[in-house]
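In what follows, a single structure is set out as structure tokens and then discussed.
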Amino acid sequence: MRIAYLVHQYPPDHVGGTEVYTHGLASRAQASGHEVLVLTYRESTANRLSDFEPIARDHQGIPVVEFPYNLSIAPTRASYEHDNPFVGARVPRLLAEWRPDIAHVTHGMKLTVAAMDACRALGIPAVVSLTDYWFLCPRHTLLTWDGRLCDGPSEWRECFRCLQDLHGVATRRRERRAVQGRPDRTRMAVESAARVFALSSFLKRMYVANGYDPERIEVLPHGIETEGLHPAGPRRPGPTRFLFVGSLQPFKGAHVPVEALAADPGLDVELVLHGAGGPAEYAERLARSAGGDARIVLAGRFEPGDLPRILGGTDYVLIPALWYENEPIIVKAAKHIGIPVLASRIGSLVEMIEEGLDGWTVPPGDVAAWLEAMRRAVLERDRWQRVPRPQPSMDDQFAYLDGVYAELAAARSAVRT
């Protein structure tokens, strides 16, 4: 088969959960004998349409085509954010030439629903994986412009305020209409797909609460790369080590344990923060907060293959999320080898953490509560039983999806015959 993967961004420039997930699927599809092509987006600073031609490259042997664009020059930013006709005109041209049997959309942002329309117009069966909340929320986090948790687009004026903050959307009638029409437009694009998967029960519930058909969404938890992830060995000597892994975005909450430690300078611990990206001012804020504390290490990015080494050298994993985090790979990897997790009591994290077995949960954003949790972790480090809890692998994930691809391709072939 020929399989096209559509995703908002892709390694090596972007290494988040969805990007790693997409690359894992594409690599396995190629290794199984399928022809693979990744379609993704590249942020551009150009202001001439002639500069936005597709760019072909590859990543670790996977062919990739990037579609550059600059949203700031769009005639209607609120519309182009979720339905970009410029990108949409180029995607069908490539798909018609390459002729995939299946398209798998692992994230709708940036290529937008226009790319999904192209698949439908060409008769290409599409699989959609709901990996976060972008089809409900232009910020993809269900956090408002001022950091409040949101349940979905029930009030378009709130969404408009978020888009003004995010993309500088102007107060014009056509921009308002685009915001008002976004929920129906994105929902119809998802529900027109041949199969729809959500990574967690919580994620499915959020979409269903916003009008999506529960019969159309199947829960398929994220698989992890298990190579090198062996059961945790003996505890390392020295201070209790906490590990944060994630992008340095405010909603990921890396500042919460940093602020907690500032309140107890004598607590004998190490806090290692692995991450990059995000607003420069936030990274600077973290650097200032951590700069005078020898217990805190800003370790930057790492290659996905280094995760076993980094994870194996820690005592606890911290997930201080302030948003409805969805099936983080780092939590599943920690459970797989038996490293306890301290996580915010929010979103799918509540479903993932069995209190007292996998770790425990803490009120999100409550610095005092996080300090108490870290103190408790120091006291309990040597008493904690490291019990591995094997998780589904990416091999398991691909094997299931490969069957879905074959079923959809066969049905398409029968119809065409």
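The values are calculated or read from the model by the stated rules, or taken from the named source; none is laboratory data. No experiment lies behind these values; they were computed from the predicted model shown. Here the Cβ is made from the backbone with ideal geometry for all residues, glycine too, and neighbour counts use every protein chain on show.
Looking at ASP293, ASP264, which one is exposed (fewer than 15 other Cβ atoms within 10 Å of the Cβ), part of a loop (DSSP other than H, G, I, E, B) and in contact with a Pro (Cβ under 9 Å, 6 or more places away or on another chain)?
Answer to the selection: ASP293.
Selection of the range 205-218 for residues being assigned to a helix (DSSP H, G or I), surrounded by fewer than 20 Cβ atoms within 10 Å (Cβ to Cβ) and in contact (Cβ under 8 Å) with a residue 24 or more places away in the chain yields ALA209, ARG216. Determine which member of the set ALA126, ALA114, ALA118 is touching an Asp or Glu at 6+ places or on another chain (Cβ under 7 Å) and under 16 Å from GLU191 (Cα atoms). So the residue among ALA126, ALA114, ALA118 that is touching an Asp or Glu at 6+ places or on another chain (Cβ under 7 Å) and under 16 Å from GLU191 (Cα atoms) is ALA114. Which residue is surrounded by the fewest Cβ atoms within 10 Å (Cβ to Cβ), if the candidates are limited to the range 136-159 and must be in contact with a helix residue (DSSP H, G or I) (Cβ under 6 Å, 6 or more places away or on another chain) and within 18 Å of LYS110 (Cα to Cα)? For the range 136-159, the residue satisfying everything is ARG139.
Does GLY238 qualify as being small (Gly, Ala, Ser), modelled with pLDDT under 95, surrounded by fewer than 21 Cβ atoms within 10 Å (Cβ to Cβ) and over 23 Å from the mean Cα position of the chain (by Cα)? When the stated conditions are applied, GLY238 passes them. Here TRP134 qualifies as in contact with a Gly (Cβ under 8 Å, 6 or more places away or on another chain), of a type in the set (A, V, I, L, M, F, W, C) and within 30 Å of TYR282 (Cβ to Cβ).
For the range 363-371, the criterion of being among the small types (Gly, Ala, Ser) and more than 27 Å from the chain's Cα centre (by Cα) is met by at least one residue.
For the range 332-365, a residue qualifies if it is within 14 Å of THR240 (Cβ to Cβ) and either out of contact with any Lys or Arg (no Cβ under 8 Å at 6 or more places or on another chain) or surrounded by fewer than 14 Cβ atoms within 10 Å (Cβ to Cβ) (or both), and the qualifying residues are LEU342, GLY359. Residues of the range 160-192 that are surrounded by 12 or more Cβ atoms within 10 Å (Cβ to Cβ), polar (S, T, N, Q) and within 22 Å of PRO75 (Cβ to Cβ): GLN164, GLN180, THR186.
Of the conditions (1) surrounded by fewer than 20 Cβ atoms within 10 Å (Cβ to Cβ); (2) closer than 30 Å to ALA399 by Cα, ILE224 clears all except one; give me its number. It is condition (1) that ILE224 fails.
Output yes when any residue across the range 219-228 is part of a helix (DSSP H, G or I) and more than 30 Å from LEU267 (Cα to Cα), and no when none is. Checked against the condition, which is being part of a helix (DSSP H, G or I) and more than 30 Å from LEU267 (Cα to Cα), the range 219-228 yields no hits at all. Here are GLY24, GLY16: which of them is out of contact with any strand residue (DSSP E or B) (no Cβ under 8 Å at 6 or more places or on another chain), under 30 Å from PRO153 (Cα atoms) and touching a residue at least 60 places away in the same chain (Cβ under 8 Å)? Of the residues listed, the single one that is out of contact with any strand residue (DSSP E or B) (no Cβ under 8 Å at 6 or more places or on another chain), under 30 Å from PRO153 (Cα atoms) and touching a residue at least 60 places away in the same chain (Cβ under 8 Å) is GLY16.
The residues in the range 369-389 that are modelled with pLDDT of 95 or more, in contact with a helix residue (DSSP H, G or I) (Cβ under 8 Å, 6 or more places away or on another chain) and not aromatic (Phe, Trp, Tyr) can be counted, and the count is 2.
Conditions tested, residue by residue: (1) outside the structural domain of ILE329 (by TED's automatic domain parsing); (2) farther than 30 Å from ARG99 by Cβ; (3) β-branched (Val, Ile, Thr).
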site: THR361; (1), (2), (3): no, yes, yes
site: ALA368; (1), (2), (3): no, yes, no
site: TYR400; (1), (2), (3): yes, no, no
site: ALA411; (1), (2), (3): yes, no, no
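Scan the range 27-52 for residues that are without any contact (Cβ under 8 Å) to a residue 24 or more places away in the chain and over 18 Å from GLN397 (Cα atoms) and jot them down. The answer is ARG48, SER50, ASP51. Check whether at least one residue in the range 325-339 is under 16 Å from LEU271 (Cα atoms) and in contact with a Ser or Thr (Cβ under 8 Å, 6 or more places away or on another chain), and report yes or no. So far as the range 325-339 goes, yes, one or more of its residues are under 16 Å from LEU271 (Cα atoms) and in contact with a Ser or Thr (Cβ under 8 Å, 6 or more places away or on another chain). Quick one: in the range 267-290, which of the residues that are part of a helix (DSSP H, G or I) and of a type outside the set (Gly, Ala, Ser) is farthest from the chain's Cα centre (by Cα)? Top of the filtered list is ARG288. For the range 125-155, residues that are among the β-branched types (Val, Ile, Thr) and farther than 24 Å from VAL20 by Cα total 1. Kindly indicate whether any position in the range 366-382 is surrounded by 18 or more Cβ atoms within 10 Å (Cβ to Cβ), within 30 Å of VAL196 (Cα to Cα), in contact (Cβ under 8 Å) with a residue 24 or more places away in the chain and of a type in the set (Phe, Trp, Tyr). No, the range 366-382 contains no residue that is surrounded by 18 or more Cβ atoms within 10 Å (Cβ to Cβ), within 30 Å of VAL196 (Cα to Cα), in contact (Cβ under 8 Å) with a residue 24 or more places away in the chain and of a type in the set (Phe, Trp, Tyr). Taking the range 245-258, which residues are out of contact with any Gly (no Cβ under 7 Å at 6 or more places or on another chain) and either surrounded by fewer than 14 Cβ atoms within 10 Å (Cβ to Cβ) or within 23 Å of GLY24 (Cβ to Cβ) (or both)? Once the filter is applied, which keeps residues that are out of contact with any Gly (no Cβ under 7 Å at 6 or more places or on another chain) and either surrounded by fewer than 14 Cβ atoms within 10 Å (Cβ to Cβ) or within 23 Å of GLY24 (Cβ to Cβ) (or both), the range 245-258 yields nothing.
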